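Here is the structure we will look at, set down as structure tokens.
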Amino acid sequence: MRETIVQAQFGAHAANYVSSTAHSSGASLDHLREWMLARRPRRALDIATGGGHTALALSSACTQLLATDCTFPMLLAARQFLRAQGAQATVFALHNAEQLPFASACFDAITCRLAAHHFASPAQFVSESVRCLRPSGCLAVIDNVALENPAAAALINAFERLRDPSHGRHQTPADWQKLFAANGLAVVCKLPYRKALNFADYCTRMSVPAHTRAQLSAVLLQAPALVHSYFNPRDIDGALWFDLHEILIIGTLAR
């Protein structure tokens, strides 16, 4: 069961995600914060909060914020982090992203950042989120995305899965657009990003063994042209860096 694998992977590395600069900052997170500050939702839900960085970014924009995760050690780490940062309006709950234990139409905004690629059913996650949104509410998703080319997307996902067995699938931007449209969400924001990652940090965060690191670096350096361009591997001061691609997509509910 995917949820069990996710819990095992992230429960063992919760502290690494709280301290991760790749998760604590970024242009997509800045833009999400700015959008929510302009909108000022009264009651918001951050699904799969991870280390709590998205919840922290949103805490100043909301009257009440609920941060949730399916992994208990991760939720505890996020709570400790948010309390240390003074986010007093935040409450916490343990639950699965695809089975939300909330009444219909009870949130003004729902967010999910860098987590949906672990979900067994992103479609059910979107459907459940929409069920829980009030009229004119919004769903905002930030996630890594793959290329539209199926062969290239398969290799990108295989690379991620080699590093982290709990990885499911990076959707494409078109996939997210279709999921939002199918659930009655009007897309009001869709922005692409390149995210530069230090390869050593990327591996250490998940305690990747040396032989797997060698395989991963080989994929980066020897990938076909299209995937090589996506990853853009490069040497910076003697360290290997590469890119993943993200999307910020925000949809509002008409009903």
Filter the stretch 206-223 down to residues that are exposed (fewer than 12 other Cβ atoms within 10 Å of the Cβ) and part of a loop (DSSP other than H, G, I, E, B) and give me whichever is farthest from the chain's Cα centre (by Cα).
-> P209
Quick one: in the stretch 224-255, which of the residues that are in a strand (DSSP E or B) and among the small types (G, A, S) is farthest from A182 (Cα to Cα)?
-> A239
Strands (runs of 3 or more DSSP E) contained in the stretch 66-180 and holding at least 2 residues surrounded by fewer than 22 Cβ atoms within 10 Å (Cβ to Cβ) = 90-94, 133-145
Residues in the stretch 144-153: is at least one modelled with pLDDT of 90 or more and under 27 Å from A254 (Cα atoms)?
-> yes
Scan (1) hydrophobic (A, V, I, L, M, F, W, C); (2) in contact (Cβ under 8 Å) with a residue 60 or more places away in the chain; (3) under 25 Å from E160 (Cβ atoms) for the single condition A55 breaks and write down its number.
-> (2)
Given (1) surrounded by 14 or more Cβ atoms within 10 Å (Cβ to Cβ); (2) in contact (Cβ under 8 Å) with a residue 12 or more places away in the chain, number of the condition A239 does not satisfy | (1)
A186 passes all but one of the listed conditions (1) surrounded by fewer than 18 Cβ atoms within 10 Å (Cβ to Cβ); (2) within 24 Å of P122 (Cα to Cα); (3) in contact with a helix residue (DSSP H, G or I) (Cβ under 7 Å, 6 or more places away or on another chain); the exception is number (3)
Return the pairs, sorted by first residue and then second, in which the second residue is part of a helix (DSSP H, G or I) and small (G, A, S), the first residue lies in the stretch 212-235 and is under 16 Å from A196 (Cα atoms), the beta carbons are less than 7 Å apart, and the residues are 6+ apart or on different chains.
-> V227/A152; Y230/A152
Kindly indicate which of A109, A123, A105, A87 is of a type outside the set (F, W, Y) and in contact with a Lys or Arg (Cβ under 6 Å, 6 or more places away or on another chain).
-> A105
Could you please let me know if A120 is in contact with a helix residue (DSSP H, G or I) (Cβ under 6 Å, 6 or more places away or on another chain), in contact (Cβ under 8 Å) with a residue 60 or more places away in the chain and of a type outside the set (S, T, N, Q)?
-> yes
Restricting attention to the stretch 209-255, and to residues there that are among the aliphatic types (A, V, I, L, M) and modelled with pLDDT under 95, which single residue is farthest from S127 (Cα to Cα)?
-> A254
Residue selected from the stretch 131-173 under the condition of a type in the set (A, V, I, L, M) and closer than 26 Å to R33 by Cβ, by the criterion farthest from the chain's Cα centre (by Cα) | L133
Does at least one position in the stretch 28-46 carry a residue that is under 15 Å from the mean Cα position of the chain (by Cα), at pLDDT 85 or above, closer than 30 Å to D243 by Cβ and in a loop (DSSP other than H, G, I, E, B)?
-> no
Could you tell me which numbered condition L191 fails, if it satisfies all but one of (1) within 24 Å of D108 (Cα to Cα); (2) hydrophobic (A, V, I, L, M, F, W, C); (3) not in a strand (DSSP E or B)?
-> (3)
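The values are calculated or read from the model by the stated rules, or taken from the named source; none is laboratory data. Since we're looking at a predicted model, the values are computed, not measured. Virtual Cβ from ideal backbone geometry, glycine too; neighbours counted across all protein chains shown.
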